[in-house]
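One structure below.
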Amino acid sequence: SREEIREVLNSMARAADRCDVELQKSCFHPGGTDYRGVANGDFGNWADTLAKWDVTSARHCIQNISFNFLDRDTANVETYVDAFHFWEGEKKFEFIQARYLDRFERRGGVWKIARRMTVWDECWMDSEKPSWLTGVSGEYVKQKMFMCSTRDKSDFYYSYELPAELREFEPN
């Protein structure tokens, strides 16, 4: 199960780097949800934006994968991710540090993501600028409902619970 889940995580990273919408969709169960602040709710909301993403190159490096099997067919999986993006026309680099808190489910013998929560750490554009998350803080972060990391037990890792304002996006 661990290796099957790890392969799904690798495929998700590869799909983002290669702008492969179909591969990315194949990593989620039907009705799967994704909460990353850019698009929240049904995974299709995020996947459909991938093809429109004008980044020139991307690399998503996953590491520190922790598994917590709740039963034979459900697991909470925490994965650290470092992502690098480059826009050729703007000569702009972006570096993202985050964690994915995924609920994996095995349905019909196949492990896929049922829900992904992206928890953000430091992010920045070019080396001399502060984190873009800091730059867009306040109303934008509140409006887009970003979930940000904390360095204590209030971090989303400990509960895997969505904030109340995002629960309306969950399917019935």
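The values are calculated or read from the model by the stated rules, or taken from the named source; none is laboratory data. Bear in mind that the values here come from a model prediction, so they are computed numbers and not experimental data. Using ideal geometry, Cβ is built from the backbone for each residue, glycine included, and neighbour counts are taken over all protein chains shown.
Quick rundown of the values:
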quantity: Candidates Ala39, Ala75, Ala47, Ala51 - the one that is over 15 Å from the mean Cα position of the chain (by Cα) and at pLDDT below 85; calculated: Ala51
quantity: Breaking point among (1) in a strand (DSSP E or B); (2) modelled with pLDDT of 95 or more; (3) surrounded by fewer than 15 Cβ atoms within 10 Å (Cβ to Cβ), for Glu7; calculated: (1)
quantity: Count of region 27-57 residues which are small (Gly, Ala, Ser), crowded, with 17+ Cβ neighbours inside 10 Å and part of a strand (DSSP E or B); calculated: 1
